[in-house]
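Below you'll find the structure, written out as structure tokens, and then a few comments.
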Amino acid sequence: MKEESRLWLKYSEENFESAKILLNSKLFNPCLQNVQQCVEKALKALLIQKTLKFKKTHSIFELRNLLAKEEIEINISDEECEFLDSIYLPSKYPLGSALPYYEPDLEICEKAVLIAEKALNFVKNILK
């Protein structure tokens with residue numbers, strides 16, 4: 001594995017572990033931040049490993065689609081991409097709730113952590 005890919009994957013794993021700790025502490029907004037960052041960094045690790053160019057973006061949907069163009073199908077649905085993309089800015093800045101019509105809660109965060117775990121494990125299996 002390329003050193004740069006390894007570092008991105010390490011950071012992704014740290015975000016995932018942080019998300020689980022924050023979920024258990026009922027700190028839902030930062031849990032969502034870390035879930036989104038986990039998936040974003042995992043996908044970027046894979047793009048870097050495959051030497052695929054990408055512009056600066058935080059969009060999970062966009063990153064997943066870049067990989068799909070190279071016939072690397074990531075196991076994240078359109079709905080899951082939209083969900084993760086919907087939490088990026090609102091979970092970082094006080095613009096309102098992290099989701100359009102909801103405040104972050106246990107159920108939303110549990111769903112997000114499961115998506116992140118699935119995506120991270122998928123990427124790890126490709127990279128290792």
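Simple spin-label estimate for Lys111 and Lys10 gives 3.5 nm between the two label positions (7 Å along the Cα-to-Cβ direction from each Cα). In the full protein context, the chain carries 56 Å² of accessible surface per residue, based on a 1.4 Å probe and ignoring ligands, DNA and RNA.
The list (1) 10.8; (2) 7.2; (3) 9.3 gives values of mean projected area of the Cα convex hull in nm², and only one came from this structure; which label was calculated from it? Evaluating mean projected area of the Cα convex hull in nm² on these atoms matches (2).
When chymotrypsin sites (Phe, Trp or Tyr not before Pro) are flagged only if DSSP places them in a loop and at most 14 other Cβ atoms lie within 10 Å, the longest unflagged stretch of the chain comes out as 1-53.
Charges were assigned to the Cβ only: +1 to each Lys and Arg, -1 to each Asp and Glu. The resulting dipole of the chain about its Cα centre is roughly 620 debye.
Note on region 10-54: dipole from Cβ charges, positive end direction compared against Pro30, Tyr11, Gln49; the farthest Cα belongs to Gln49. A helix-only calculation puts the chain at -24000 deg cm²/dmol for mean residue ellipticity at 222 nm, using -39500 (n - 2.57) for each DSSP H run of at least four residues, averaged over all residues.
Taking all Cα pairs closer than 8 Å and separated by 6 or more residues, the relative contact order of the chain comes to 32 percent.
The values are calculated or read from the model by the stated rules, or taken from the named source; none is laboratory data. Since the structure is predicted, the reported quantities are computational estimates derived from the model, not experimental observations. Backbone-built Cβ (ideal geometry, glycine too); neighbour counts: all protein chains shown. Side chains included, ligands, DNA and RNA excluded: accessible areas come from the protein's heavy atoms. Shrake-Rupley method; radii C 1.70, N 1.55, O 1.52, S 1.80 Å.
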